[in-house]
Structures are given as structure tokens and as C-alpha cells.
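A short worksheet on the structure shown next.
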Amino acid sequence: MNVSIWRYVWVAILTMFVFTSRAQNQVYVKELSGRYENHKQHDAINYQPVAELIQGKRVAGFGESSHGTWDFYYINTELIKYMVSHKLCSAVILEVPFVQGLKINEFVTTGQGNIKDLMNGIGKPPPVKDLVEWLREYNLKPENSAAPVQFYGMDVQGSKKNAYEYLNSCVSKGGAAAFPQMDALLKAGNSKKDTLLNAYIAHVEGPLKKLRDTDLLAYKENKTCEILLNVLKQSKDFDAAGPFAFAKIRDKFLAENVAFIERNLIPNGKTIFVWAHNGHIRSGGKSMLQVPMGHHLKQEYGEQYASVALDFVGGSVFVMKNSGTTVNVTENKESKFIRNLTNPASEGVLLFNITGPRLENSLPVNFPNSYKLHSYDVSEKTASFKTKEDFDAIILINNVRSLYEVKH
């Protein structure tokens, strides 16, 4: 190929790049609250438009750009209450250990358990404790008791010890002997852990099958044992994952557990509210090192999965580094940062409707093919997201506060 032809090829490639980078997507923005002052104006937030966008979806992922930031906890819990009260939500699944979520589910559906101990087990703040107690009161009402709203965890982390306790209780109902090396398994170091764990799984699988075949376990108890066995198997791969595979394998297991819970433990019909970090719930973001939970769920549920990110403009957020620290964040001036794509700016709470139908009284805004949100986890950073790929909607809060700066 001669030089002149190569020149035309490069001009064509450059033209395509420029055209793609300048391409715009029409997104609709709606104000949910005209003014928001750190959990003082929650009653003024209009949650109906958010509920409209996800109504009819089987699984809806709701995120947060920082764990430990008060306003994300508060707005997500208030949104759950709104959806439950309007008969739009059948269950809540949080980014907490599966077994701990199981204990909380017992509390919200039967009243068993101590709320203080349960919350200590997941390290969640007062808004989540308030939600758990609210769900319990909701389920107690006669009109709701036949189909109570449920609460589950999805994480493989921190689930093993409590999984042993639950499974041991189940197999004892069939008269099976206790695992003779239980103490050794609980104390085992890495070199012996897998061998003992394999032996334990083999020890309980037989009795559990016998219990299923003889109908000695109720359906829900049977399915709970099934997922707990799977969580133990997941934990072997999870513990063995190196630093480059850790995130990818964790998100795979998060998605597997959500799908199992949806198929086996939650009645069909209403939406399941899945709450995790924005990085987990995004529908896109697939790479060699990471395949987010939301990507797996999008593959599983298609249009029946929706993802809604939560982000902020400024304030103080909690970052999980050095055992946790509060970081003050000023307004980001980058042109692709989401706040700077709207005019005029709001002092309240905005809903960016990216893929759904236009809502009443919403305004069109031109979005680039990619934009930026905050992404605080163990580090302080922003992250880029694709407009039509990662999230169906974004809730943007003007000003937030770290959990530890809010008196409660």
C-alpha cells in the first residue's frame, strides 16, 4: 500500500474518532428536590419518578459512589420504603454476607433475633437499622403478612462460620452425626483449610440430599441449604484468588447469589432492590480484570434489569482506607463530570434519565458518549462511564456528609 493510500486511511480513522468523541446522547433531567441540606429535607424529595423508571423490572441495582456516606444510606432506604409502601418491591438484597442477611430476614419476616446484634454483624449505620425495623413493622400488618417483604445479603465474604452453624442445624434434623473435624476446620490455617472444607462439604451433602428426598426440610429451608453449600464452594475460589482476580471473581459470585435468591426464595412479580457500590451495579465495564455484577445480571435478565447510580457534587465522604477516613470533596470542574453537563445547576437532588421514557416536567440535556462520577472505595478517584451502557439513571445529590459527621 503506497503512502498516499495510507494517508487517506489515517484521515478516515481520525474523522471517525472525532465524530464519535463529539457524538451526543439526549438525556432527560428531572429535579426531585429543589434544595437539599444533608438529610434535613428528605420529606421534600419526590421518589415517584425513580419508581416509575424501574417499575416492572425484576431486578433493580441501586448504587452509591462511597460506602459510609450518610446521604446515600438515607436516600436509598427512603426509596425502598416508598417502593414497598406502593407495593412495587418484594425484597431487598444488600452488599453484606449472605448468612447475616439470612438472620436479618428472619427478623423482618418472623421477628426472631436481636436488632442490635444483627446490625453489629453487618456494620451498617442507623438508616439501615431504621429500614430493618420499618420492614418488620410493615410485615406485621395483617394485610402484608401473607407476602412479607424479604431481606437478603449476597456477599461470599464473611459467610463461612455462620454457614456451618446453619447447615449443621439442618443435617442434625435427619439424625446425621456432627462433622468430627469441626473444631479443626474452624481453626485451620490456609494449608489445611481446603482439605477440611472439602471434607465438610462431602459430609453434609449426603444427609441434605436424604432430607430433601424425604421432604423433612421445608422448601425455603432446603433452598437456603443449597445456596449455603454453594457459598462455601465459592469461598474456596474466593480465598484463593490473587489480587488481580479478586474483584472479578467476587462480582461473579455476587451475581450468582442474587440470581439464586431471585429464582428460589422471592415470589415472582415485584421488583427486587439490589443495593451495592456503583462499581458493582453498572451494566457495562467489562474488562480483563473486572466483570461487574451488574454486567452479569444484565446478561441474565436483559431488559428486566435496571441500574441506578447515586453520586454527589461536593461535601464530605467516607473512604475505606487506613481503617476509614473522611475526605472533603469540592465541586469538580471537569467538563465531563456529570454536574457540569446540566444548566442551570441545582442545589437539590437531580434525576438523570438515560435510557427510560421521558418523564413529565423533565428537561432534555445533551450528554457525551462518556461522563465521569466519583468513585470512592479504598481510594479517592473519579471514574468514567459510558452513557448508554453503564446506568439507566443517575441520582445526583448536591451536598453530602460522611456518616461520622452526622449526629444520630
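Scanning the stretch 95-114 for residues that are buried (at least 20 other Cβ atoms within 10 Å of the Cβ) and more than 17 Å from Pro148 (Cβ to Cβ) returns Glu95, Val96, Pro97, Phe98, Val99, Gln100. So Ile266 clears everything in (1) over 12 Å from the mean Cα position of the chain (by Cα); (2) closer than 15 Å to Ile54 by Cβ except one condition, right? Which one? Here Ile266 clears every test but (2).
Within the stretch 55-95, restricting attention to residues that are assigned to a loop (DSSP other than H, G, I, E, B) and of a type in the set (S, T, N, Q), which residue is modelled with the highest pLDDT? The extreme case among them is Ser65. Would you say Lys407 is farther than 17 Å from His280 by Cα and modelled with pLDDT under 90? Yes, satisfied. Report, ordered by the first and then the second residue, all pairs with beta carbons closer than 6 Å, sequence separation of six or more or different chains, a first member in the stretch 272-301 that is over 18 Å from Arg58 (Cβ atoms), and a second member that is in a strand (DSSP E or B) and modelled with pLDDT under 95. Final answer for the pair search is Gly284/Lys386. Could you please let me know if Glu52 is more than 17 Å from the chain's Cα centre (by Cα), of a type in the set (Asp, Glu), part of a helix (DSSP H, G or I) and not assigned by TED's automatic domain parsing to the domain that holds Glu303? The answer is no for Glu52. Of the numbered conditions (1) acidic (Asp, Glu); (2) in a helix (DSSP H, G or I); (3) surrounded by fewer than 18 Cβ atoms within 10 Å (Cβ to Cβ), Asp215 fails exactly one; give the number of that condition. That leaves (2) as the condition not met.
As a summary of the residue check, Thr224 satisfies the conditions (1) under 30 Å from the mean Cα position of the chain (by Cα); (2) over 30 Å from Val132 (Cα atoms) except for the one numbered (2). Scan the stretch 137-160 for residues that are part of a helix (DSSP H, G or I) and within 18 Å of Arg250 (Cα to Cα) and the total you get is 1. Of everything in the stretch 357-371 that is in a strand (DSSP E or B) and under 25 Å from the mean Cα position of the chain (by Cα), the residue that is surrounded by the most Cβ atoms within 10 Å (Cβ to Cβ) is Tyr371.
Taking Ala199, is it of a type in the set (Gly, Ala, Ser), assigned to a helix (DSSP H, G or I), buried (at least 18 other Cβ atoms within 10 Å of the Cβ) and not assigned by TED's automatic domain parsing to the domain that holds Ser402? Spelling it out, it is not the case that Ala199 is of a type in the set (Gly, Ala, Ser), assigned to a helix (DSSP H, G or I), buried (at least 18 other Cβ atoms within 10 Å of the Cβ) and not assigned by TED's automatic domain parsing to the domain that holds Ser402.
Answer yes if at least one residue in the stretch 330-347 is touching a residue at least 60 places away in the same chain (Cβ under 8 Å) and over 28 Å from His295 (Cα atoms), and no otherwise. Within the stretch 330-347, one or more residues are touching a residue at least 60 places away in the same chain (Cβ under 8 Å) and over 28 Å from His295 (Cα atoms). In the stretch 121-146, the residue that is nearest to Pro292 (Cα to Cα) out of those that are exposed (fewer than 15 other Cβ atoms within 10 Å of the Cβ) and at pLDDT below 90 is Gly123. For the stretch 80-94, a residue qualifies if it is in contact (Cβ under 8 Å) with a residue 60 or more places away in the chain and either small (Gly, Ala, Ser) or surrounded by 14 or more Cβ atoms within 10 Å (Cβ to Cβ) (or both), and the qualifying residues are Ile80, Met83, Val84, Leu88, Cys89, Ser90, Ala91, Val92, Ile93, Leu94.
The values are calculated or read from the model by the stated rules, or taken from the named source; none is laboratory data. Because the structure is a prediction, the values reported are computed rather than measured. Neighbour counts are summed over all protein chains in view; Cβ atoms, including those assigned to glycine, are modelled from backbone coordinates with ideal geometry.
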